[in-house]
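The values are calculated or read from the model by the stated rules, or taken from the named source; none is laboratory data. In this text, all values refer to a predicted model and were calculated from it rather than measured experimentally. Cβ placement follows ideal geometry from the backbone for every residue including glycine, while neighbour counts extend to all protein chains displayed.
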Amino acid sequence: MVEKLSGKQRFLNTFNRKGYDRIPVKHYAEPAVNEELAAYLGLPEKQEQSNVANSSNVRLDLLEKIGDDFRYVLPVVLMLLLNISKTT
């Protein structure tokens, strides 16, 4: 049996066909679904948003709680463009 792995270790072990503790998981959902799920799991009402690339509404505390193994970081220029588009 393999010891508990971090998301990065789990992905790399799976990719390289080595031992892993569970299959890597990626969570995708609409912002309203994420808020309902966070409330159900007893997480605080609103967290500061992350710079995860698949959505500007992803909560890192929710991803940690449900065991999401993947994170994406937006380039600074794209983050600036997203912030500009939100304010206009």
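Before moving on, here are some points about what is shown:
- Residues satisfying the stated conditions in segment 1-18, i.e. of a type outside the set (A, V, I, L, M, F, W, C), modelled with pLDDT of 85 or more and assigned to a loop (DSSP other than H, G, I, E, B): Lys4, Ser6, Asn16, Arg17, Lys18
- Qualifying residue in segment 25-46 (condition: of a type in the set (Ser, Thr, Tyr), exposed (fewer than 10 other Cβ atoms within 10 Å of the Cβ), at pLDDT 85 or above and within 14 Å of the chain's Cα centre (by Cα)): no
- Counting residues in segment 48-56 that are closer than 24 Å to Lys4 by Cβ, surrounded by 14 or more Cβ atoms within 10 Å (Cβ to Cβ) and modelled with pLDDT of 60 or more gives zero.
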